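K.L.:
Below is the structure I would like to discuss, written out as structure tokens.
Read-outs: derived from the displayed coordinates by stated rules, not from any lab. Since the structure is predicted, the reported quantities are computational estimates derived from the model, not experimental observations. Here Cβ is always computed from backbone atoms with ideal geometry, including for glycine, and neighbour counts include all displayed protein chains.
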């Protein structure tokens, strides 16, 4: 199954604090994340100029986990929290991760430059 989700809201999580490299985030963490402040928005420029692939690649593990949980919620696909995310080979030039949720649910999530997430459910792995 292929689902396309806007990533603008998910990338707003990039402004969240936390230096922890833990990826064990719950859906509540993503929902309660602080939005970008005005300075961050000005630095990011407008959406047409933002390279969302680069933004996600620059996130730490905790921020990226929150981005993935938000994308899955927006889909809407089940994921109570992200147990882990592993970068895999790019798919058609798009940075891609294998995301494992609580209970063993797996997804492949690709983030192209335009920020529209490509999510593929992986029930076979």
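K.L.:
If each residue's Cβ is checked for other Cβ atoms within 10 Å, how do 82, 56 rank with the fewest at the top?
P.N.:
56, 82
K.L.:
Would you mind calculating the gained length between residue 90 and residue 121 on full extension (0.36 nm times residue separation, minus the Cα-Cα distance), in nm to one decimal?
P.N.:
Here the segment from residue 90 to residue 121 would lengthen by 9.5 nm.
K.L.:
Here's something else I'd like to know. On full extension of the chain, what length is gained from residue 54 through residue 77, given 0.36 nm per residue of separation minus the C-alpha to C-alpha distance?
P.N.:
5.8 nm
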